1. From the phi angles alone, apply the Karplus equation (6.51, -1.76, 1.60; θ = phi - 60°) to the range 18-25 and give each ³J(HN,Hα) in whole Hz, x where the residue is Gly or Pro.
2. Put +1 on the Cβ of each Lys and Arg and -1 on the Cβ of each Asp and Glu in the range 34-156; which of GLY62, ALA121, ALA45 then has its Cα farthest toward the positive end of the dipole?
3. Label points 7 Å out from Cα along the Cβ direction at ALA269 and SER163: separation in nm?
4. Can you compute the helix-only [θ] at 222 nm over the chain? Use -39500 (n - 2.57) per DSSP H run of at least 4 residues, normalise by all residues, nearest 500 deg cm²/dmol.
5. Which one, ALA236, ALA269, VAL21, is farthest towards the positive end of the dipole of the chain when Lys and Arg carry +1 and Asp and Glu -1 on their Cβ?
6. Viscosity 0.890 mPa s, temperature 25 °C: Stokes-Einstein D of the range 107-184 from its Kirkwood Cα radius, in µm² per second?
7. For an R0 of 22 angstrom, estimate the FRET efficiency from the Cβ-Cβ distance between THR250 and ALA45 and round to the nearest 0.05.
8. Of the residues GLN246, GLN52, GLN200, which exhibits the maximal mean-square fluctuation in a Gaussian network model of the chain defined by a 10 Å Cα contact cut-off?
Amino acid sequence: MTSNIAPNPPTDIAAVLLDGVRVARRGAVALAGLEPESYAREHAAFEGLSDQRSLIAEHLAGRLAAIGDRPVSVLSVGCGDGSLDARLAAGMVRDVPGRPVRYVGVDPWVGSAERFVATMAALGADELSSDAYVASFDDSSVGETFDVVMFVHSMYYVADLVSTLRVALGLLRPGGELWVAIAPTAALNALVGVLAPPLQGHRQWFSADVESAFVDAGISLEDVVTLDAQIDLSSASDEVLDFSVQARLTPDLRGPVRAYLDAVSVPGADGRPRVPHPVDVFAATRR
Ligand SMILES: C[S@@+](CC[C@H](N)C(=O)[O-])C[C@H]1O[C@@H](n2cnc3c(N)ncnc32)[C@H](O)[C@@H]1O
């Protein structure tokens, strides 16, 4: 007898596979986290497989353009190697020739802060002044105010979301804008929730946590925009896989993690499988 029952949709298969990973980890010692040097290297390789950075750059460039042609100052918290910031700074310099642009980065890892400074200097723009602080945002003593303070994929790691948002708002001039780009707990980050080790006593934060923190901090949101990016993890190296789940995977976990990523993939424009990889951008203005 033949059956007319259709196979489970991919989401059911993914849920079963995710449960399998969860069961494999139950009661186990936390996996190791990523060291700063390998984190930065694997992050760069991860971005190369995704269209997300271009979407963020385009989106933030549009917001920066809306500021007009007056002098502008930006603080990028968790600037990493400055690849994204240099793109934004170059756009501001190109779009309004001669307009002074101040661009400051904060990153706790010295290697990233040094690369940020070098990447900005390589733009060779006289009207661009840039500096970097080597510090966690909580410990940084940024002694100036800005037109824009942005956190692009760095809010996951701060110890206290509410106080971070308040301090960030305090670094803005009146009318200045706070932008936070952070992932929701979609398919990919469901794995992070299961596999990533805790950070200084807290799990990684995601969009929903940031949204609640804005409310708790008493800061009104101007808007929240979701950018629908995709990433091709089908041929990702083991190291990029580790970055994707924010943990150093043990060999026994790689197969189940790859099977789950395969199950949540959708066909990209070229027909190759892509993991949906959205990012939310929160925006608030200092009154
Ligand atoms: C995913 S990377 C994002 C880098 C960059 N914004 C980009 O989009 O390419 C996250 C960065 O946040 C930094 N970071 C981690 N904890 C931080 C903290 N408490 N304060 C500031 N930056 C932090 C990391 O060192 C890392 O460079």
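1. 5, 4, x, 5, 4, 5, 4, 8
2. So the residue we want is GLY62.
3. Each label point lies 7 Å from its Cα, and together they span 4.5 nm.
4. When only DSSP H runs of four or more count, the value is -13000 deg cm²/dmol.
5. Most positive-ward Cα: VAL21.
6. My calculation gives 178 µm²/s for D.
7. Calculated value: 0.60.
8. GLN200
Read-outs: derived from the displayed coordinates by stated rules, not from any lab. The structure presented is a predicted model; accordingly, all values stated were derived computationally and were not measured. Glycine gets a Cβ as well: all are built from the backbone with ideal geometry, and neighbour counts include every protein chain shown.
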